[in-house]
Structure formats: structure tokens, C-alpha cells
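FYI, it's all coordinate maths here, none of it is from the lab. This one's a predicted model, so the numbers in the text were calculated from it and none came from an experiment. Cβ: placed from backbone, ideal geometry, glycine included. Neighbour counts: every protein chain shown.
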Amino acid sequence: MLEVLFQNSLITVRSLNILLALGFLFTGTFLLRYVNRHKMNTAFVTEYFPYVLLAALFGGRAAYVLSNISEFQNYWISLIYVWDLKFSFFGMLAGALLAVFLASRKNREDFWSWSDALFLSSMAMLIFVHVGYFFAGKEYGLPTNLPWGIALDVKHIPFVSPIHPTQLYAALLTMLLLIYSVKASKRIHLSGVVGTRALMIYSLGMFGIDFMHGSPSGYLKIAYGIVAALAFIGYIHCSHKTHIIT
């Protein structure tokens, strides 16, 4: 494992942190290219997306804390220790989506066009997150006899036999979905369709992958199911709507 890339008495450089930093750079580049390719308002990105990022971080932290309150009840000050990287993806998505909705409404922008940009940018970031989880030994899988099973020498993983690399399954799913969605966005011109479909497929795929996790989460299964259902409703709406900005 390459959980720690460098360590001395002063600093510790972890692979997950490096991948998250690279993910932010790649996602920012992807977002700007997507906006330019679809002739969207670049000024909207520069003015409002810092607020979208803050809303995502707040929503992600709040959702994680609420679903794991026992971790914080004896040391409440740790609620603000965001450098522990304990965030809920769905909370981050909800916070970002709310911020995009409010900003779009204020500036009379097409919310569904910006939701496409948000959802696909999230897919780009998640590729790096899932790979980072692999090196950190998080979201590990159940034992398997399949030839691609991997034995991870990490203290908190209770299995010594090869296990499913569920993190890489998730990264591959996300990468393929992003490639497909980018290609689809070039031929589907009805805003919201590509993004909501990508979110729906991702949630369904992750729902299935969660059954192979070494520590499966009923909370995550419910969350994936709810998000998939909401994304499906959004997809149906976008597939039949007209382009009217109100």
C-alpha cells in the first residue's frame, strides 16, 4: 500500500491528499472546458462557484456528522476539523445543488444546464476520490477468489485473504460514465438530461458495489436508492420539458 508517500517529524504526505489535490485541479479544468464548449456564462463560474464549493463542504460535513454523530459527541470541537476529510458525498451534492439553484435563479440562468456541469464535474472528482480510497484502505471489499482480488496490508482491514478492490470498481464505473456522458452531451441538447442520467446510473452502480463492501452500510444503500429515484424523476422532467428560464 502507498497510504503514506512521505513522512518525517514535521509533515506527513498521504496519497489520498495528493489525489484530492489533483482531483480539484482536474475538476476545475474540466468544468471550465465544459462551460466554454457549451457556450455557457464563464463569469457565472468565477463569481458563484466559490460559494458553491463552500456550500458543498458545509453540506457534506453536516450530513456526515448527522449520520455519524457518535464520533463527535464526546469531543464536539472536532466538528470543525474538516481536514480529517470526513464528508458525505450526498451532503456535498445537496449543498452544491442548492447553491447552484439559488445562484441560477438570481441571475436568470438555466439551472438544468448548470446542474449538468455540476453533476459531470462531480463525476470527474469522484474518480480521484475512489482511487484515493484504494490507497488509503477505505471502503474496502469482501474476500474473493477472483483473480483480481487484492490483499491489503492495512491494520483496520480485518481480512488477510484477497478482497474485492471495490474502490477501483467505483473508479472504473465513474470514469466510464463520465466518458459516456461527455460524448452524450455533444448530441443531447436538452439541458439536464445528461447530468441527471449520469447521477442516476452512478447511484445505482454504487448501490450494487456496496453489497461487496467489507463493511456494508444500510445508510448508504438507502441514500443511493433515494438519490437514484430523485435523479430518475429529474431525468424524466428534463426529457419532456421546454427551455423556458423563469
**Q.** Conditions (1) buried (at least 18 other Cβ atoms within 10 Å of the Cβ); (2) assigned to a helix (DSSP H, G or I); number of the one not met by Phe87
**A.** (2)
Q | Residue selected from the range 164-194 under the condition in contact with a Gly (Cβ under 8 Å, 6 or more places away or on another chain) and under 17 Å from Met40 (Cβ atoms), by the criterion surrounded by the most Cβ atoms within 10 Å (Cβ to Cβ) | A | Gly192
Q.
If I go through the range 94-103 residue by residue, how many of them are in contact (Cβ under 8 Å) with a residue 40 or more places away in the chain and either small (Gly, Ala, Ser) or buried (at least 20 other Cβ atoms within 10 Å of the Cβ) (or both)?
A. 5
(Q) With touching a Phe, Trp or Tyr at 6+ places or on another chain (Cβ under 8 Å) and of a type in the set (Val, Ile, Thr) as the only criterion, which of Val45, Val131, Val100, Val52 stands out? (A) Val100
